[in-house]
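Right, one structure below, let's go through it.
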Amino acid sequence: MIGSYIKTARRNLMKNKLFSFINMAGLALSMSVGLLLIAFLFDLRSYDRFHTDGDRIYRISSVATFRGERSKTQPVSKFATTSIKAGKLISQKVKGIDEVAILRNDFSQDATVGSNTFPIKGFWAEPSFFRVFTFPMLEGNPKTVLHDPYSIVLTETSARKLFGSEQALGKAIRFDTLSYRVTGVMKDIPFFSHIHFDALVSLSTAEQLHKNDSDFQKWTSMSSNTVYLRLSPTVDMTSIQSQLDAIATQENRAEENSQIQLELLPLYKIVVGEKFSPSEGGPGSESPHMSPRVLWILIGLALVVILSACFNYTNLSMARAMRRFKEIGLRKAIGAEKGQIRQQFLAESILISLAALGLAIVMFLVLRPVLISLAPEMQQMVKLQLTPAMIMTFVVFALIMGAMAGFMPALFFSKINTISALRTMSAPSHQPLTVFKHLTLRRTLVVVQYTLTLIFITTTAIGYVQYKSILAFDLGFNTENILNINMQGNKSDVFLKKLSEIPGVTALSRSLIVTSVGNAWGGYMKYNDSRDSVLVMTNHVDENYLPLHQYKLAAGGNFMARPTTAKAATEVIVNQQLMKRFNIGNNDPEKAVGQQITFNNLQGTRKMTIVGVIKDFHYGKIDNLIGPVAFMHWTPEDRAVINAKIHSTNLLATRARIESAWKEIDSVHPFQAEFYEEAIEEAYSEYSTLLKIIGFLSFLAISIASMGLFGMVAYTTETRLKEIGVRKVLGASSGNLVYLLSRGFFIQLSIAALIALPITYLFFDNVVLANFPYHTPVRVAELFVGLMAVLFIAIILIGSQTMKAAKSNPVDVLKSE
């Protein structure tokens, strides 16, 4: 019986080559999207699965509430990091935990072995690290490798880079003036790990180096540390959380400016999970991350494309229903039951789906490198390599898709009356209601398909305009042709002198961070009321920074003093929002100049004098409201980013000369520099990548819908050739016939447009752009560009087929009548 189903299905496919090709091509296109999505999900699910007992490993998150920031517009901040003190308290007080591992992220130094120097990035870690995580050791005892101060564990690649083919175990490495001993060599970190490093250094070393630093183990010093737990197998999660709450309650009593709560985050939800606020970056802060909301959006968009192909199959199968009435009648006459009829048509659709799978896998292999190259984040996040388990999932997916596509035709054909089907090849005359309902369903599917296609293409058009508006948005200062150079710990004075001698470099300044791209630095500020403090975003800049970036002063002037230490930097320039927050000088910028404020951060508390008020600008990304910002003077104690203003007809050549100058002062670290416009574009790369994916899916959706429309038009004109011949004999013109044949399709497209355009507009206006307080309004042209594209394609498809039918010779059609 199964053989009979397959043989009959193959004959029907070969008999209707055009419709079979349209169905197969549409299914293959949509299936390639499904395969990419399946591979993407496979890779995301692979993260950290190699750890033994990974389901019992959790990371501690910090939920911080800052005093003065409790209004509805300033919610609490969640950080992926926490303090070393929190980790130690958890280890001492919380019951139900097998192991606690504390990591610190600020180990980034140059390793010297003999005459060779290499940059090494890693973490300070406790011995328990290798008891929590499963990272196999090649040399050394994992229980003791991180026990003693000045012990270092290298990855296999790092050991080879530093020592070549020599054995690394027991050798010495010099970092600055300190010597470290290699106590272990571990296998390289797997690709699908949320944490990556070159080396691990014993945390006891960092504790010795910071023994005079009172902030090192402070409860609120959480910016560079991460705490991981491995829970006991039978532990009660509610009990663990209540013990964490008790620790937080006790420690928060002594804090004036902030309150910190501790939460548990499962290891498997770090990569696909909540996005945390930016901090100094604990271990894993640079790991790949995918928001669940974005993932669900991608899944939803892929399903829309898949459903579009299924609609094609359903429409074309039902359109050909009239030709298969006698086949179904004969099957039922010789004893076939409804279930067997359904199985026959499901077998046909599954056979097409499996045939399409082969073509879809070829498309998958072609599209895979394109998807990975969409953004640097993609290259770091997924591989999309075929595995046996993935191929088996592909086959199951093809079977499910074939069943979905064939469900409605199978149901329809199984209900056909045997006597009526044998009487005529047309629809039975005494069953007009059944046929009417069937035709209504077909038209509904066309409307739904084109509604989804229009939403796709209109979303792409609006999203592209909004993305370009973001990149061109007035930030309140100038970013044109400014190259930001990370000094990577080098002294900036010598390099500044070299840069000033390069033709094309017209101005230079120094800053602590690059603003408006997601970086953040800050502290607490008070004015007259010692009980009223606010978290203020800051940047440390020199006296050349404001004129180079063309910031606009509302009152006062630039820095006057030239401090050499952070404590000596007592001048501050504030923005208008900060002035209004404290009502400094009754919100008069001129009166605010000369007023004193108190500022507190990790460098201590100090009194500062306002020397200038600048007009508001975007310190963060433009999806954030402008808040209080202050500029303080850059000092040699700060890390440096050099801002070079370039005026040259060949920016790349000037950049190359700057890179050559860099190699003269630092032959170890690679040149790290980025034009401001490039940094801004990279800051919004998530939106750019999503837009490219939606654009790609839009192209597929419109291609699939167009193939379906072409098939429907071809079938309609083919079945109405005799009617067209009679009308031509009676005097109908070609124009009248084209209008008659195409009217129904254009009515359906018009209905789709009336549904799709308002939905897209409301979605952007009330959902997407609601998160961007400084967005550009959606314009009518952006809404109709997609409609015009769809109509243009539809006119070509419908017009070509209807004109061909209208120009046919009625003698050839009617000669047998």
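What follows is calculated from the coordinates using simple rules that are stated; it is not laboratory data. Just so it is clear, the structure is predicted and the values come from calculations on it, not from any experiment. Here the Cβ positions follow ideal geometry from the backbone for every residue, glycine too, while neighbour counts run over all protein chains shown.
From the list (1) 1.07; (2) 1.26; (3) 1.12, can you say which value of Rg/Rh (Cα atoms, Kirkwood Rh) was derived from the structure given?
(1)
With +1 on the Cβ of every Lys and Arg and -1 on the Cβ of every Asp and Glu, and nothing else charged, how large is the dipole of the chain about its Cα centre, in debye rounded to the nearest 20?
4060
Charges on Cβ only, +1 for Lys and Arg, -1 for Asp and Glu, centred on the Cα centroid of the chain; of 372, 496, 646, which one is farthest towards the dipole's positive end?
It is 372.
Just to confirm the filter: which trypsin sites (Lys or Arg not before Pro) across region 531-590 are DSSP coil and have at most 15 other Cβ within 10 angstrom of their Cβ?
Those satisfying the criteria are 531, 552, 567.
Counting pairs of alpha carbon atoms under 8 Å apart in space and at least six apart in sequence, what relative contact order in percent does the chain give? Could you put the intermediate results ahead of the total?
Values: 1396 pairs, mean separation 121.7, N = 817.
Here the relative contact order equals 15 percent.
If one takes the longest principal axis of the Cα atoms in the chain, at what angle in degrees, from 0 to 90 and to the nearest 10, does the Cα axis of helix 237-252 lie?
With rounding to tens, the tilt is 40 degrees.
How far apart, in nanometres, would the label points at residue 65 and residue 607 be if each is projected 7 angstrom from Cα along the Cα-to-Cβ direction?
Spacing of the two 7 Å Cα→Cβ label points: 3.3 nm.
Can you figure out the FRET efficiency of residue 250 with residue 656, using R₀ = 51 Å and their beta-carbon distance, to the nearest 0.05?
For R0 = 51 Å, the calculated efficiency reads 0.35.
Work out how much length residue 177 to residue 354 would gain on full extension: take 0.36 nm times their residue separation and subtract the Cα-Cα distance, in nm to one decimal. Kindly include the intermediate steps, with their values, before the conclusion.
Details: separation 177, 0.36 × 177 = 63.72 nm, distance 6.56 nm.
Full extension from residue 177 to residue 354 adds 57.2 nm.
Want the number for residue 491 to residue 681: 0.36 nm per residue separation, take away the alpha-carbon distance, what's left?
Extra length from residue 491 to residue 681 when fully extended: 65.5 nm.
Could you tell me the distance between the Cα centroids of region 622-691 and region 511-582, to the nearest Å?
20
For the charge dipole of the chain, defined by +1 on Lys and Arg C-beta atoms and -1 on Asp and Glu C-beta atoms about the Cα centroid, which residue among 572, 788, 620 has the Cα displaced farthest towards the positive pole?
Of 572, 788, 620, it is 788.
Label point 7 Å out from residue 532 along Cα-to-Cβ: which residues of region 562-586 have amide N under 15 Å?
Label zone hits: 577-586.
What FRET efficiency would be calculated for the residue pair residue 664, residue 763, taking the C-beta separation as r and a Förster radius of 35 Å, to the nearest 0.05?
On the way: r = 54 Å, r/R0 = 1.55.
Efficiency for this residue pair is about 0.05.
Pairs 728/804; 93/211; 121/161; 143/211; 269/621; 78/269: which are spaced more than 18 Å apart, C-alpha to C-alpha?
Values: 728/804 13 Å; 93/211 23 Å; 121/161 13 Å; 143/211 25 Å; 269/621 26 Å; 78/269 15 Å.
Exceeds cut-off: 93/211; 143/211; 269/621.
Where nothing but the Cβ of Lys and Arg (+1) and of Asp and Glu (-1) is charged, how large is the charge dipole of region 505-646 around its Cα centre, in debye to the nearest 20? All intermediate terms of the calculation are to be shown ahead of the outcome.
Details: 15 positive and 11 negative charges, 17 e Å.
Here the size comes out at about 80 debye.
Could you tell me how many degrees, from 0 to 90 and to the nearest 10, lie between the Cα long axis of helix 651-665 and the main elongation axis, the longest principal axis, of the Cα atoms of the chain?
40
Using a Förster distance of 45 Å, how high is the FRET efficiency between residue 291 and residue 739, based on the Cβ-Cβ distance and rounded to 0.05?
The computed FRET efficiency comes out at 0.35.
Provide the gained length on full extension for the span residue 299 to residue 647, in nm with one decimal, where the gain is 0.36 nm per separating residue minus the Cα-Cα distance.
120.7 nm
Just to confirm my numbers, what's the Cα centroid distance between region 445-474 and region 172-198 in Å?
Measuring centre to centre over Cα atoms gives 47 Å.
Say each of residue 232 and residue 88 gets a label point 7 Å from the Cα, pointing the same way as Cα to Cβ; how far apart are those two points in nm?
Rounded to a tenth, the inter-label distance reads 2.5 nm.
Percent relative contact order of region 56-269, based on C-alpha pairs within less than 8 angstrom and at least six residues apart? Don't jump to the answer; show the numbers that get you there.
On the way: 442 pairs, mean separation 76.2, N = 214.
This gives 36 percent for region 56-269.
Which trypsin sites (Lys or Arg not before Pro) in region 117-199 pass both tests, a DSSP loop state and at most 12 other beta-carbon atoms within 10 Å?
Those that pass, being in a loop and sparsely packed, are 143, 187.
By the scheme Lys and Arg +1, Asp and Glu -1, what is the net charge of all other residues having a beta-carbon under 12 Å from that of residue 44?
+2
What chymotrypsin sites (Phe, Trp or Tyr not before Pro) does region 149-242 have in DSSP loop regions with at most 16 other beta carbons within 10 Å?
Taking region 149-242 and a limit of 16 other Cβ atoms within 10 Å, the loop chymotrypsin sites (Phe, Trp or Tyr not before Pro) found are 191.
Enter the angle in degrees (range 0 to 90, nearest 10) between the Cα long axis of helix 685-719 and the first principal axis of the Cα atoms of the chain, meaning the one along which they spread out most.
Its long axis makes an angle of about 0 degrees.
Given points 7 Å out from each Cα along the Cα-Cβ axis, report the residue 480 to residue 141 separation in nanometres with one decimal.
Each label point is offset 7 Å from its Cα along the Cβ direction, giving 6.7 nm.
Placing +1 on the Cβ of each Lys and Arg and -1 on the Cβ of each Asp and Glu in region 490-610, which of 519, 586, 509 has its Cα farthest towards the positive end of the resulting dipole?
519
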